[in-house]
Amino acid sequence: MADSIFQFNRRAPIGIFDSGIGGLSVLRHVRTLLPEESLLYFADSGFAPYGEKPEAVIVERTVSIAAFLLTQQVKALVVACNTATAAAIAGLRARYPELPVVGVEPGLKPAANLSRSGTIGVLATANTLASEKFLKLQAQVAQDAKVTFLLQACNGLANQIEKGELSSREIYQLVERYVKPLVEQGADTLVLGCTHYPFVEQLIREIAGPNVSIVDTGEPVAQQLCRLLIQRDLLTQSPSPDKLLAFTTGSHSSLALAFSKLLQLDPPIQLVSGANIRD
Ligand code: DGL
């Protein structure tokens, strides 16, 4: 059932959320493309990772976070999480038909255009790869472009990245375990199907070798957001000075550290109690 009609305002912020810090890999492209816009970032780190949780839990978290961000008067929403997009974006759009909502999905089409061998590795969470939305996209692109996708669920990787120790031994071992077999089976292109993975892209490159291309969808997502805002006449006309504010259901210091280490930013961060964020 669709919720009531909202009045979206050009000066309002854009809400961006993820299960944790992964969505920062999307936020950085949004900031580059739309530097005048105010942004609210929501990290659901208290409930991360989403990748191996039941779909009903992810849908519930996504709906609650969207409702919370709407109480902060956002004019658009970016679901900067492949797992939440796969599980919940259709429901969100049905619930808020007037709200511009942009999701993230693994870049299978760009990968099919790039690949010379026709064999493409897809790195994502188990939930994304098992979702109906992903399986439909995969079947369509495989048929149209005559390519083969090798699907690799990277259990544990987003969780390790969430810990912030990007050069840890655990991360090295997981990336090696997941990436090497794909390259050995002939993949010349790897799709980063989880927004946490761009933060270990360098390591993935090192392990995959120089002949393998990597596809990330952060920039196209920012471009899609920009197109939607233009279509709806929602681009800001009055840049605001305090442009970035963050919320987390996890730890303040972890999110502060992620912002400073990954994006060299130091936004104000508010703790949100996880269970009842809609209230
Ligand atoms: N960053 C998320 C994604 O793009 C999910 C990671 C997780 O919470 O498991 O799928």
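The values are calculated or read from the model by the stated rules, or taken from the named source; none is laboratory data. Small disclaimer: the values here were computed from a predicted structure and weren't measured. Quick reminder, even Gly has a Cβ in these numbers, built from the backbone with ideal geometry, and neighbours come from all protein chains shown. Accessible surface is based on the protein model in full, side chains and every heavy atom, while ligands, DNA and RNA are left aside. Shrake-Rupley method; radii C 1.70, N 1.55, O 1.52, S 1.80 Å.
Write down the radius of gyration of the stretch 85-201 and its Dmax, each obtained from C-alpha positions, in Å.
So, for the stretch 85-201, Rg and Dmax equal 15.2, 47 Å respectively.
How big is D, in µm² s⁻¹, for the chain by Stokes-Einstein at 37 °C and 0.692 mPa s if Rh is the Kirkwood radius over C-alpha pairs?
After rounding, the answer is 173 µm²/s.
Against the empirical 2.2 N^0.38 Å scaling, what ratio does the C-alpha Rg of the stretch 26-124 come to? Walk me through the numbers before you get to the answer.
Working: Rg = 15.3 Å, N = 99, 2.2 N^0.38 = 12.6 Å.
Ratio of Cα Rg to 2.2 N^0.38 Å: 1.21.
How long are the three semi-axes of the equivalent ellipsoid for the stretch 46-92, computed from the Cα gyration tensor as the root of 5 times each eigenvalue, in whole Å, largest first?
19, 11, 9
Trypsin sites (Lys or Arg not before Pro) within the stretch 55-137: which are DSSP loop residues with at most 13 other Cβ atoms inside 10 Å?
Values: sites: 61, 75, 93, 95, 116, 133, 136; in loops: 75, 116.
Answer in residue order: 116.
Using the Karplus curve 6.51 cos²θ - 1.76 cosθ + 1.60 with θ = phi - 60°, work out ³J(HN,Hα) for each residue of the stretch 41-46 in order, rounded to whole Hz, and write x for Gly and Pro.
So the Karplus estimates, Gly and Pro as x, are 10, 10, 9, 8, 4, x Hz.
Mind listing the long-range amide H neighbours of residue 215? Cut-off is under 5 Å, sequence gap 5 or more, other chains count too, H placed in the peptide plane at 1.01 Å from N.
HN-HN under 5 Å from residue 215: 190, 191, 192.
Counting Lys and Arg as +1 and Asp and Glu as -1, each charge on the Cβ, what is the dipole of the stretch 101-225 about the Cα centre in debye, to the nearest 20?
That gives the stretch 101-225 a dipole magnitude of about 260 debye.
In whole angstrom, note down how far apart the Cα centers of the stretch 75-150 and the stretch 32-52 are.
Each part reduced to its Cα centre gives a spacing of 18 Å.
Determine the per residue accessible area of the stretch 50-199 with all protein chains present and a 1.4 angstrom probe, expressed in square angstrom.
41 Å²
Which value results for Rg/Rh of the stretch 161-208 when Rg is the Cα radius of gyration and Rh the Kirkwood radius based on the inverse mean 1/r?
0.95
Counting only pairs 8 or more places apart or on different chains, how many lysine pairs in the chain have C-alpha atoms closer than 22 Å?
Here the count comes out as 11.
Apply the Karplus parameterisation 6.51 cos²θ - 1.76 cosθ + 1.60, with θ equal to phi minus 60°, to every residue of the stretch 253-266 and state each ³J(HN,Hα) to the nearest whole Hz, in sequence, with x for glycine and proline.
Here the 3J(HN,Hα) series is 5, 5, 5, 4, 5, 5, 4, 6, 6, 8, 10, 6, 10, 9 Hz.
Could you state the angle between the C-alpha long axis of helix 24-33 and the longest principal axis of the C-alpha atoms of the chain, as a value from 0 to 90 degrees rounded to the nearest 10?
Helix 24-33 and the main axis of the chain meet at about 70 degrees.
List the residues, sorted by chain then number, that are 5 or more residues from residue 99 or on another chain and whose placed amide H is less than 5 Å from its amide H.
Here nothing satisfies the definition.
When each pair of different Cα atoms in the stretch 1-79 is counted once in the 1/r mean, what is the Kirkwood radius in angstroms, to one decimal?
It is 13.4 Å.
Tell me, what ³J(HN,Hα) does each residue in the stretch 204-220 have, in order and in whole Hz, if you take phi through Karplus 6.51 cos²θ - 1.76 cosθ + 1.60 with θ = phi - 60° and put x for Gly and Pro?
Ordered by residue, 3J(HN,Hα) equals 4, 4, 4, 6, 6, x, x, 8, 9, 8, 10, 10, 10, 9, x, 5, x Hz.
From the Cα gyration tensor of the stretch 164-279, with a ≥ b ≥ c the square roots of its eigenvalues, which class applies: rounded if a/c is under 1.5, or else prolate if a/b is larger than b/c, or else oblate?
Cα axes put the stretch 164-279 in the oblate bin.
Counting only protein heavy atoms, what percent of the accessible surface of the chain is carbon or sulfur at a 1.4 Å probe? Display every interim value, and only then the final one.
On the way: 6290 of 12580 Å².
Answer for the chain: carbon and sulfur cover 50 percent of the accessible area.
Could you give the length gained on full extension between residue 260 and residue 57, defined as 0.36 nm per residue of separation minus the Cα-Cα distance, in nm?
Gain on extension, residue 260 to residue 57, equals 70.1 nm.
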